[in-house]
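The values are calculated or read from the model by the stated rules, or taken from the named source; none is laboratory data. As the structure is a prediction and not an experimental result, all values here were calculated from the model. Neighbour counts are summed over all protein chains in view; Cβ atoms, including those assigned to glycine, are modelled from backbone coordinates with ideal geometry.
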Amino acid sequence: MKLATFNIENLFHRDRKLMESALDSSRKQWIQEMDELMIKTPKTVGAIARIRELAYLLGFENITNKPYALLSNKDGILFFKGCDYSERIKATLINNWNGWLQLQTQAIPVVATSNKARVISEINPDILVLQEVEDRISLEQFNKELLPKFQCAPYKDIQIIQNNIDHGLETALLLREGYELLHIKTHYQNPLIEFKILMPDTSVLHLLAINFKKTTNENDVLDEKRAFFSLYLAKRYEALIAEGNQHIVIAGSLGAPSYCYSVAPLIQKTSLKDITRHLSFEVILDQGVDEKYHRLGAYRKGVNIKQTDYMLLSPRLFEVLVDSGLNRKGMWPKHRPQFHHYKSIKNSTQAASSHPLVWGKLKFH
């Protein structure tokens, strides 16, 4: 049985605020790189091509991308298209929904969506947990139309569960034939969704899906919230163990490396095992000198991206783990470390996600 977790950062459209915050952090780097390239003489063909790419990313080509649309009510059917809303009336019930409205989301580039499907298809897990899915309709389309394009059969059962986080950041569970969802449990005001899954050998898997999001720029406050959540999660794990359950997985994003005190209640003070510590854990290593370097907070030596995504196994599951790894081919390496990624990714907007897919293969006797 192969299990995977992937913070996919939405499928087809993403909340505009999330897109803008990601671009803001990259824009400073793009401006600095552009300045460095502009003062260099002579300029190589590669440098000129990169300047053109940066000009596009920084908006120098004056490409219109207005966050507004024109809504028209024609015979009871609503139509909309992009518009300049400044001289129009806002669409409301009073004017029969004719006018402008502001769009909350922004389309994700087609190449990025394709790369999301490519990342999943390479691993092709039996049980897949996705963080940050916008809605069920998008998930169904992705499952039926995008995955088959990369020789990955659609999943038999898909579930999407609303979190206590806004902005279309729901949790999804996808199951292959032979796996049956028995029970779902949500935890009020905690980014935790609990799945109880019947496996083909009739054993039961308890899958705790997590996605701790940054909700403030005050790091001290954020760490305290994460520490509280880690403690809550640790207590839930211990309760399941006390009930006699042996097959328990905690999978998803914690937003902090394993050395951070805010995740200590979960990683250092329970019997849970981090999948990255298993001898079978495999990944294509960094390029250059980083291949032999182990940065603080990285997944492991030669994999020097900051660990924020986890797959934690109970001792019994760690014993039957036969293969594991992560797929980061869909990520964009901004600076160091440099690593192998899909050729279709030319910048961060075309990346599948800023997170890797983490997976493990279990063999029950």
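Which of the residues that make up segment 207-222 are farther than 17 Å from residue 313 by Cα and of a type in the set (A, V, I, L, M, F, W, C)?
Hits for segment 207-222 are 212, 221, 222.
Can you name every residue in segment 185-195 that is in contact with a helix residue (DSSP H, G or I) (Cβ under 7 Å, 6 or more places away or on another chain) and surrounded by fewer than 21 Cβ atoms within 10 Å (Cβ to Cβ)?
The one that is in contact with a helix residue (DSSP H, G or I) (Cβ under 7 Å, 6 or more places away or on another chain) and surrounded by fewer than 21 Cβ atoms within 10 Å (Cβ to Cβ): 190.
Every residue in segment 330-365 that is aromatic (Phe, Trp, Tyr) and loosely packed, with under 15 Cβ neighbours inside 10 Å, please.
Of segment 330-365, the ones aromatic (Phe, Trp, Tyr) are 332, 339, 342, 359, 364.
Residue satisfying the conditions is 364 alone.
Could you grab me the full set of residues in segment 211-238 that are touching a residue at least 24 places away in the same chain (Cβ under 8 Å), within 21 Å of residue 170 (Cα to Cα) and touching a helix residue (DSSP H, G or I) at 6+ places or on another chain (Cβ under 7 Å)?
212, 214, 226, 230, 233
Is it the case that residue 273 is touching a strand residue (DSSP E or B) at 6+ places or on another chain (Cβ under 7 Å) and either at pLDDT 90 or above or on the phi < 0 side of the Ramachandran plot (or both)? Spell out how you get there, then give the answer.
On the way: touching a strand residue (DSSP E or B) at 6+ places or on another chain (Cβ under 7 Å): yes; either at pLDDT 90 or above or on the phi < 0 side of the Ramachandran plot (or both): yes.
It is true that residue 273 is touching a strand residue (DSSP E or B) at 6+ places or on another chain (Cβ under 7 Å) and either at pLDDT 90 or above or on the phi < 0 side of the Ramachandran plot (or both).
Just to be sure before I move on: is residue 269 over 22 Å from the mean Cα position of the chain (by Cα), part of a loop (DSSP other than H, G, I, E, B) and not hydroxyl-bearing (Ser, Thr, Tyr) in the structure I sent?
Working: over 22 Å from the mean Cα position of the chain (by Cα): yes; part of a loop (DSSP other than H, G, I, E, B): yes; not hydroxyl-bearing (Ser, Thr, Tyr): yes.
Considered against the rule, which asks whether it is over 22 Å from the mean Cα position of the chain (by Cα), part of a loop (DSSP other than H, G, I, E, B) and not hydroxyl-bearing (Ser, Thr, Tyr), residue 269 comes out as yes.
Looking at 330, 302 in this structure, which one is at positive phi and assigned by TED's automatic domain parsing to the domain that holds residue 115?
Details: 330 fails: at positive phi.
It is 302.
With respect to the numbered conditions (1) out of contact with any Gly (no Cβ under 8 Å at 6 or more places or on another chain); (2) assigned to a strand (DSSP E or B); (3) among the small types (Gly, Ala, Ser), which one is the sole condition not fulfilled by residue 227?
(2)
Scan (1) part of a strand (DSSP E or B); (2) modelled with pLDDT under 80 for the single condition residue 131 breaks and write down its number.
Of (1) part of a strand (DSSP E or B); (2) modelled with pLDDT under 80, only one is false for residue 131: (2).
Could you say whether any residue in segment 353-363 is within 19 Å of the chain's Cα centre (by Cα), of a type in the set (D, E, K, R) and assigned to a loop (DSSP other than H, G, I, E, B)?
Within segment 353-363, the subset within 19 Å of the chain's Cα centre (by Cα) is 353-360.
From what's left, of a type in the set (D, E, K, R): none.
No - not one qualifying residue is present in segment 353-363.
Cβ-Cβ under 7 Å, sequence separation 6+ or interchain: first residue in segment 308-327 and within 11 Å of residue 4 (Cβ to Cβ), partner basic (Lys, Arg) and surrounded by fewer than 24 Cβ atoms within 10 Å (Cβ to Cβ). Which pairs?
Partner pairs satisfying both residue conditions: 324/361.
Read through the list (1) outside any loop (DSSP other than H, G, I, E, B); (2) more than 15 Å from the chain's Cα centre (by Cα); (3) in contact (Cβ under 8 Å) with a residue 40 or more places away in the chain; (4) more than 21 Å from residue 247 (Cα to Cα), then give the number of the only condition that residue 147 fails.
Of the numbered conditions (1) outside any loop (DSSP other than H, G, I, E, B); (2) more than 15 Å from the chain's Cα centre (by Cα); (3) in contact (Cβ under 8 Å) with a residue 40 or more places away in the chain; (4) more than 21 Å from residue 247 (Cα to Cα), the odd one out for residue 147 is (3).
Which is assigned by TED's automatic domain parsing to the domain that holds residue 268, touching an Asp or Glu at 6+ places or on another chain (Cβ under 7 Å) and either over 24 Å from residue 123 (Cα atoms) or surrounded by fewer than 19 Cβ atoms within 10 Å (Cβ to Cβ) (or both), of 169, 182, 198? Before the answer, list the steps.
Values: 169 fails: either over 24 Å from residue 123 (Cα atoms) or surrounded by fewer than 19 Cβ atoms within 10 Å (Cβ to Cβ) (or both); 182 fails: touching an Asp or Glu at 6+ places or on another chain (Cβ under 7 Å).
Within the list 169, 182, 198, the selection yields 198.
Does segment 276-299 contain any residue that is of a type in the set (Val, Ile, Thr), over 25 Å from residue 122 (Cβ atoms) and either crowded, with 18+ Cβ neighbours inside 10 Å or in contact with a Gly (Cβ under 6 Å, 6 or more places away or on another chain) (or both)? Even if it seems obvious, please write down each step before you answer.
Residues of segment 276-299 of a type in the set (Val, Ile, Thr): 276, 283-284, 289.
Filter again for over 25 Å from residue 122 (Cβ atoms), leaving 289.
Subsequent filtering for residues that are either crowded, with 18+ Cβ neighbours inside 10 Å or in contact with a Gly (Cβ under 6 Å, 6 or more places away or on another chain) (or both) retains none.
There is no residue in segment 276-299 that is of a type in the set (Val, Ile, Thr), over 25 Å from residue 122 (Cβ atoms) and either crowded, with 18+ Cβ neighbours inside 10 Å or in contact with a Gly (Cβ under 6 Å, 6 or more places away or on another chain) (or both).
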